[in-house]
């Protein structure tokens, strides 16, 4: 069976240029700002004719072509587009993976080519379709990934189809680079005068391993099929996968939901047989124009309950725009449980504890909120930090939902909200709670501290009156200051000085608790120690007491 | 004969189950506010002095509404609402959700401060930033969840309507959960069981006025001045008379600015 596998390697030869400047006729390049200046990471075809290539400095390239147009590199966009192309390629075979070495895709088309009229037709189709979207691609089909890769990258013309067993003749004249060597390995080969694959083939293997390392030999064996190599598929095959192809394409949302609920039943039945619960469910709706609409549901705990899944799906699809009409209808629906967990069996005993059912209720609530808002409810995590805004972090409820109960917070050092300067020495937070007093902290904290205008009697004292949000407050009572030092041990290096000549990152804060004449209670701070850290300390409003 | 015996057994089991359920059932009727002033006066207003037949102030399966007198009173109103929430939820989960506007204007709940009010670290859930419409949806869903002890909803604008609160009331009534809403006074009357108007008062007090109490007599409109009973702070306010020993005090010790 191994001998009859067929792989297609597609290489997007001008990938970054294609996606960054698709319709640019002038010489153009994609640049990345590095510490040493701007460098080219790609150049379009026009620029390449002028001998401009990736890796050059921008200044060098400008000498060659003063009219060069530059585009900043966008790696995120590149990844996004590559994902889209990979999803598109899924139509040829379910087994599509990214090329780990270059911008490209690897397709395992074993047993798929005849559906598209043979390998030649398939490759032509792929290349022309990509060309229509202004992506220049080189493709090759061979019995091994290595051979297909070599031909896609280094064959004089593409697309190439290499029949089984002819790897040797086809690869012999190619450069050793075609073996997917690292820069270091390639340099070594060149040192030994091994420019072409035929040169390597002629050498005795034992000495090759000694001189070039085992990596080169492995690549060679992979190309010639001596060592098996497989694609890491984009969509891992799953056991729990149900599909429905309706007789007539579906045109209404209600029908889609109806079919989906039937699919859920099938899926749940499969899960039930395997004793597993779904943790993640992916739904793919394929429209007649081959557009794919994917919806994923993440679940906080393994689930086999069809009604719950249907409810979540309904909520999720409510927010999804699907354009359906006479011409655009859904012709295929797929549902798969891409993540599953072993379902712990519940025993319905005489004394079914209420609590069990209740926990389930909370978990279901979290699922529904996650499905509708796209984010799960969060719970606070107290951290051992000094800066008040960093003490609490809200983390989404994930797998071990409330169980085991959160014990950590009180164990973590809680100096931030104890009073570090208190004369009684080091007091643990537990002791604080036992003693019944905690450092005064507001019940709500502004997302960003807001600068305020303050009038204080003495520069280091508490404010006398202040203006916040265009309103003047007269301070009647004050407590403080409570000094909170910057976290030098975990702080980013100070940023460049701002307009006032201050460094922004780390200043000591003096917090004051104030009550105004109406009884409103505020928590505000002076940023920076007077004269020691800053000339003109600013004041910020940070929180509110009940 | 055997079938009759087994059905008898089944009946007995059902009976026992029902008995157990009765035992396990939480107090459904409601709770008091925990402020003796309020509870006592409302008892008097109800005209019943015997504690056995008393009607609790905060009924379960209802929506309670806390209104800040002015916008600046919102933190005080929130503090009072947290107090009520804790009375209702006891050790059960508290779910806090607020609109993005409220977050922008007033910020997010801050746990170290809430700890002082008695909120437990592991009983707090926070749903951040749903849109105004989703906020109502979250309230409704959480209100229908039996495992949430009390839902606390905060909005900074006129997001509530009679219809919305009516829906929420029906929802919590069905699931016998309780909800506390904090919002500025709305255009229209709301379908809530109680309505409290709260403003901040000097020296860490709240001024609380009961504006509405469904199906019961209202006491004469006379606000309560309440001092929240939370854990004392590590350092306290300077009182206006105790400026004797300022010289010995450390830098961070209380200061006082009123003569």
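Before moving on, here are some points about what is shown:
- Among residues of the stretch B:68-81 being more than 7 Å from chain A (Cβ to nearest Cβ) and part of a helix (DSSP H, G or I), the one that is farthest from residue B:201 (Cα to Cα) is B:81.
- So residue A:409, is it at negative phi, in contact with a strand residue (DSSP E or B) (Cβ under 8 Å, 6 or more places away or on another chain) and at pLDDT 80 or above: no
- Residues located in the stretch A:449-464, provided they are within 12 Å of chain B (Cβ to nearest Cβ), farther than 11 Å from residue A:478 by Cβ and assigned to a strand (DSSP E or B): A:449, A:450, A:455
- Selection within the stretch A:390-400 - within 9 Å of chain B (Cβ to nearest Cβ) and at pLDDT 80 or above: A:391, A:392, A:394
- Hey, residue A:138 touching a strand residue (DSSP E or B) at 6+ places or on another chain (Cβ under 7 Å), within 18 Å of residue A:19 (Cα to Cα), modelled with pLDDT under 90 and assigned by TED's automatic domain parsing to the domain that holds residue A:17 or not: no
- Conditions (1) more than 32 Å from the chain's Cα centre (by Cα); (2) more than 21 Å from residue A:13 (Cβ to Cβ); number of the one not met by residue A:176: (2)
- Single match in A:279, A:219 (criterion: part of a helix (DSSP H, G or I) and either modelled with pLDDT of 85 or more or in the same structural domain as residue A:330 (by TED's automatic domain parsing) (or both)): A:219
- Restricting the stretch B:148-165 to residues that are within 11 Å of chain A (Cβ to nearest Cβ) and more than 21 Å from residue A:543 (Cβ to Cβ), the residue that is farthest from the chain's Cα centre (by Cα): B:148
- Any hit, the stretch A:334-350, residues being within 9 Å of chain B (Cβ to nearest Cβ), modelled with pLDDT under 75 and either more than 22 Å from residue B:175 (Cα to Cα) or not in a loop (DSSP other than H, G, I, E, B) (or both): yes
- The criterion of being surrounded by fewer than 21 Cβ atoms within 10 Å (Cβ to Cβ), over 14 Å from residue B:102 (Cβ atoms) and in contact with a helix residue (DSSP H, G or I) (Cβ under 6 Å, 6 or more places away or on another chain) holds for residue B:188.
- Elements of type strands (runs of 3 or more DSSP E) in the stretch A:2-121, at least 2 residues being free of Cβ contacts under 8 Å to residues at least 60 places away in the same chain, crowded, with 21+ Cβ neighbours inside 10 Å and within 28 Å of the chain's Cα centre (by Cα): A:28-34, A:37-43
- Checking each residue in the stretch A:375-387 for being part of a loop (DSSP other than H, G, I, E, B), at the interface with chain B (Cβ under 10 Å from one of its Cβ atoms) and modelled with pLDDT under 85 picks out A:375, A:376.
- Taken over the stretch B:82-92, residues that are closer than 15 Å to residue B:113 by Cβ and more than 9 Å from every other protein chain (Cβ to nearest Cβ) amount to 2.
- Filter result (more than 7 Å from every other protein chain (Cβ to nearest Cβ), touching a helix residue (DSSP H, G or I) at 6+ places or on another chain (Cβ under 7 Å), farther than 22 Å from residue A:447 by Cα and not in a helix (DSSP H, G or I)) within the stretch B:93-147: B:118, B:144
The values are calculated or read from the model by the stated rules, or taken from the named source; none is laboratory data. Remember, it's a predicted structure, so these values are computed and weren't measured experimentally. Neighbour counts are summed over all protein chains in view; Cβ atoms, including those assigned to glycine, are modelled from backbone coordinates with ideal geometry.
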